[in-house]
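Taking it in order: structure first as structure tokens, then the write-up.
The values are calculated or read from the model by the stated rules, or taken from the named source; none is laboratory data. Predicted, not measured: the structure shown is a model, and the values here were computed from it. All Cβ positions, even for glycine, are placed from backbone atoms using ideal geometry, and neighbour counts span all protein chains on display. These area figures cover heavy atoms from the full protein model, side chains too; ligands, DNA and RNA do not enter into them. Shrake-Rupley method; radii C 1.70, N 1.55, O 1.52, S 1.80 Å.
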Amino acid sequence: MYDTAGVTPDDISCFDDIKKIPKVEKSMMRGIQNKDPFPYGDALCVPLEEVSTFRQTSGTTGQPVYQPDTWQDWEWWSECWSFILWAQGYRPKDRVFIPFGYNIFVAFWAGHYAAEKLGCEVVPGGVLDTQSRILKIKELNATAMMATPTYVLRMADVAKNKMGIDPSELSINKITCAGEPGAGIPSTKKRMEDAWGAKVYDHSGATEIGAWSYECREQPCGMHVNEAMFFVEIEDLDTGEIIEEPVRRGKMIITALDRMAQPCIRFDSKDVIEWDSEPCSCGRTFRLIKGGVIGRADDITKVKGVLLSPAAIEEVVRSINGLGDEFEVIVDKQGDVDRIKLKVELMPDVTKPSVENILNDQLRLKTNLGYRIEYYDYGSLPRYEVKAKRFKDLRKKNFNEKEGSL
């Protein structure tokens, strides 16, 4: 692996040149890929015959973006993930269970190959259903797992409430999460760690970017930027100014230093982050982002004039004993007035009065907003196995319907 001890972005003159390049957004990529050569368009920077691997984004924010990789790029992906897994304690003795069918999304493909690169034994559980996956973990004494936070909690729920198996008594001792911000939200992380009796580690990456960050075994309430392979800038959300000082939030502009087929140069990820003021106690020189990815600029929205991040609601709901893991947030308008509704589940034998006051108080304290709260029996709200869709802003939809544009 790369040795970058003592090296900072200011020590490398090429980073000054990178800063001068205009940033690129995902919406621009969709337009670029509507040209030849099919299906990658002008973004392809190698001959088409050198492309060996196809992936695409999940399409959660619109039309998917196609991602070509050369064989060298795919080796680079595995190396990025090797940094992550080694920092989180993965070693050759581990048996790693991955409960996903990887499909055309990058998902945990690179995590799979990185685990093999480190010498771990990998058990792919893609074609199995949830109960079969739990039984396979038990049968093989798997020691590690990679999944989205939503599915980590879903598996624990199925094991305990449908199969009579306490997941904390299984052999899993570490879990790497990706795809959602949950592992960086203290209350969600605690629920996962309590349920499985395992350490849960956060990671953030994207198909068009790469695996750019990770939480190490010290769990520093944040994530390292893999500065051996990525150059990260933070841009002020309002002014576009590049933020150098710590503890000031902005959106991430990122450059992947080694990607060839479709380079990622000053990509506007819209991930909201901030630099930490302190180095990590693990001794790594890679800088920390405080609290991990706080949210997405796309998701942070104004409700009744107040900036709201869905992650803040998740932190409140999952910090309250008596509420289930699932919830749903719906924002709409009544006339010209914003309304926000929160649906939550009560755990069995828990009554509404026992949680109502604390939920209202914590929501007001953490988000500065009032909510219409609806309480449901446990198991009533939708369950998800990959990325959850718990936040729905219907205001734009309602406006478009009035304008006749839907």
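The percentage of C-alpha pairs in the chain whose separation is greater than 36 Å is 27%. In region 280-406, one over the average inverse separation of all distinct C-alpha pairs is 16.5 Å, which is the Kirkwood hydrodynamic radius.
Residue-normalised convex hull volume from the C-alpha trace of region 61-172: 119 Å³ per residue. Every helix of 4 or more DSSP H residues in the chain counts as -39500 (n - 2.57), and over all residues that averages to -8000 deg cm²/dmol at 222 nm.
For region 50-160, with all protein chains in place and a probe radius of 1.4 Å, 53% of the accessible heavy-atom surface sits on carbon or sulfur.
Pop out the Kirkwood hydrodynamic radius of region 236-282 from its pairwise C-alpha distances, inverse of mean 1/r, in Å to one decimal. Don't jump to the answer; show the numbers that get you there.
Numbers: mean 1/r = 0.0814 Å⁻¹.
Final number for the Kirkwood radius of region 236-282 is 12.3 Å.
Rolling a 1.4 Å probe across all protein chains gives Tyr102 an accessible area of roughly 20 Å². Taking every alpha-carbon pair within region 308-347, the share separated by more than 13 Å comes to 56 percent.
Normalised per residue, the accessible area of region 280-401 is 53 Å², obtained with a 1.4 Å probe and no contribution from ligands, DNA or RNA. Across the alpha-carbon set of region 116-190, the Rg to Rh ratio works out to 0.95, Rh being the Kirkwood radius.
Remark: spin-label model distance Glu139-Ile21 equals 4.8 nm, labels positioned 7 Å along the Cα→Cβ axis. Remark: the Lys341-Met28 segment gains 109.3 nm on full extension, using 0.36 nm per residue and subtracting the alpha carbon distance.
Using 0.36 nm per residue of separation minus the Cα-Cα distance, give me the extension gain between Met163 and Asp361 in nm, one decimal. Don't jump to the answer; show the numbers that get you there.
Working: separation 198, 0.36 × 198 = 71.28 nm, distance 3.56 nm.
Net length gain for the segment: 67.7 nm.
Give Lys302/Lys352; Lys199/Lys302; Lys190/Lys392; Lys189/Lys366; Lys23/Lys270 a once-over and call out the pairs whose C-alpha atoms are over 23 Å from each other.
Lys302/Lys352; Lys199/Lys302; Lys190/Lys392
Extension gain, Cys221-Glu374: 0.36 nm per intervening residue step, less the Cα-Cα distance, totals 51.9 nm.
Net charge near Val51: determine it from the other residues with C-beta under 10 Å of the C-beta of Val51, scoring Lys and Arg +1 and Asp and Glu -1.
Net of charged neighbours comes to -4.
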